[in-house]
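The structure appears below as structure tokens.
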């Protein structure tokens, strides 16, 4: 079972709670005896550096039909006329611009 610390006590004097967490203990912060948050020791996140991520993306093969699939799905699912115009421009197809009141005749993207 975890130790609890009332939010009022944490607000008045956070040092003891932070010391306990720094020592590796987990505290449950309560508000009117209800758990509202956990104070846990910090852990270093292990991840990929931006350079390694970019290198992995460069090595990943590109699906030649990906853009067509994404833009056609976006065009079909969107009710936003501006979104439809931009997507249609990407697909090089005519867009339905009635929702904009005919203000846009030609869109160059």
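The values are calculated or read from the model by the stated rules, or taken from the named source; none is laboratory data. Predicted model only: the values in this text are computed from it and were never measured. We place every Cβ from the backbone using ideal geometry, glycine too, and count neighbours over all the protein chains shown.
Listed residues 29, 21, 36; which is outside any strand (DSSP E or B) and under 30 Å from the mean Cα position of the chain (by Cα)?
Values: 29 fails: outside any strand (DSSP E or B); 36 fails: outside any strand (DSSP E or B).
Just one listed residue meets the conditions, 21.
Taking first residues from the stretch 12-33 that are surrounded by 13 or more Cβ atoms within 10 Å (Cβ to Cβ) and partners that are assigned to a loop (DSSP other than H, G, I, E, B), the Cβ contacts under 7 Å between residues at least 6 apart in sequence or on separate chains come to 21/40; 21/41; 27/2; 28/2.
Which residues, taken from the stretch 72-82, are at pLDDT below 70 and either part of a helix (DSSP H, G or I) or in contact with a strand residue (DSSP E or B) (Cβ under 6 Å, 6 or more places away or on another chain) (or both)? Working first, answer last.
Here is the first cut: in the stretch 72-82, the residues at pLDDT below 70 are 74-78.
Once the filter is applied, which keeps residues that are at pLDDT below 70 and either part of a helix (DSSP H, G or I) or in contact with a strand residue (DSSP E or B) (Cβ under 6 Å, 6 or more places away or on another chain) (or both), the stretch 72-82 yields 74, 75, 76, 77.
Among the candidates 41, 61, single out the residue that is farther than 30 Å from residue 28 by Cα, in a loop (DSSP other than H, G, I, E, B) and modelled with pLDDT of 80 or more. Checking each option against the conditions leaves just 61. In the stretch 61-72, the residues that are surrounded by 10 or more Cβ atoms within 10 Å (Cβ to Cβ) reach residues that are at pLDDT below 80 with C-beta atoms within less than 6 angstrom, at least six apart or across chains, in these pairs: 71/87; 71/90; 71/91. Against the numbered list (1) over 30 Å from residue 86 (Cα atoms); (2) surrounded by fewer than 10 Cβ atoms within 10 Å (Cβ to Cβ), residue 7 comes up short only at (2).
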